[in-house]
Amino acid sequence: MLEGLPPHRPSHVLRLLTDERSARAMTDLLGEMFDPMDTAVAAFEDEDGRTWRLEAYFADAPDEDYVRDLIRPVIGDAADAAEFRTIEQQDWVRASLEGLKPVRAGRFLVHGSHDRDAVRGNDLPIEIEAALAFGTGHHGTTLGCLRALVSELKRRRPAHVLDVGTGTGILAFAAAKALRQPVVAGDLDAEAVRTARENARANGLGPYLKLYEGPGVRHRLADRPRHFDLVFANILARPLRLLAPTLTRVVASEGVLVLSGLIARDVPGVLSAYRLQGFSLVRRGMIEGWVALVLMRGGAARRPRP
């Protein structure tokens, strides 16, 4: 589970071993108290099945005493054992690659260069290395969107696809690989756009990616009313709520909107914002505590499928 997206240039990390209950409580607490654009808090189960590892990445040096005081009510004196250290950029990329295993969603296989031998004959492989833009396919939000794409491709072949907040570009690449047609993808962060462009070339998808830099759909490539049959927005709850009027405007009449970057408590507020725009829930899924919502325009909500 992870709260917040990893900062593009983290400079400090907090590490602590604890139990599952405490790890989840601290993940929620630190996620609430720090800006999610500058801080990411993750909790992972160790191989022994009992110990949990809490890691918090910060874009700037945190006030260590303040952080210890925040978590002390949860874990008591164990807060004094919290380890803070400075990380170099190359350490961040190396750490992101450690233990990175191929991730599968249907025929899609997201992998690093070190796992090319895992690709099978019928796979649609996407090769991504850890980078300073978010998205390696191993995060529950990205995997949830990939699974939503797999389901959508079983139903039909979208003619026009948009990926808002593309990060490293995985969702756009998957759509382009499956459909062999251009996909529009954008991000407000220049580093993410640059990374997505490099990844597109590395995957032989350069001609299929129409990339833009800008917030939401505020670009001529994306701001096309009722044009896109499939729209991904894998960001965070607050921007998803704010973007509801503009995101829904570009979805085609029979189009599908996939929203992710949400934890369970975010869902009611996000659904309310999109219902006001005439969209209803078709399906929801959860991976590692992260929820992906599939929405369509009009009518009463269908019964959500698991």
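Just so it is clear, none of the values below were taken in a lab; they were calculated from the coordinates. It should be emphasised that the depicted structure is a prediction, and the values quoted were computed from it without experimental measurement. Note that we place each Cβ from the backbone using ideal geometry, even for glycine, and neighbour counts take in every protein chain shown.
Using only the alpha-carbon atoms of the stretch 205-297 as identical scatterers, what base-10 log of I(q)/I(0) does the Debye formula give at q = 0.13, 0.19 Å⁻¹?
With one equal scatterer per Cα and no solvent, log10 I(q)/I(0) is -0.42, -0.87.
Based on the Cβ-Cβ distance of residue 197 and residue 113, what FRET efficiency does E = 1/(1 + (r/R0)^6) give at R0 = 22 Å, to the nearest 0.05?
The value I calculate is 0.75.
Using θ = phi - 60° and the Karplus relation 6.51 cos²θ - 1.76 cosθ + 1.60, list the HN-Hα couplings for the stretch 163-173 in order, rounded to whole Hz, with x at every Gly or Pro.
10, 9, x, 6, x, 7, x, 4, 5, 5, 5
Working out 0.36 nm times the residue gap between residue 219 and residue 122, then minus their Cα-Cα distance, what length gain in nm do you get to one decimal?
31.3 nm
Pulled fully out, how much extra length does the chain show between residue 156 and residue 50, if you take 0.36 nm times their separation in residues and subtract their Cα-Cα distance?
33.8 nm
Considering only 246, 257, 227, whose Cα is most displaced toward the positive end of the charge dipole of the stretch 221-264, charges sitting on Cβ of Lys, Arg (+1) and Asp, Glu (-1)?
246
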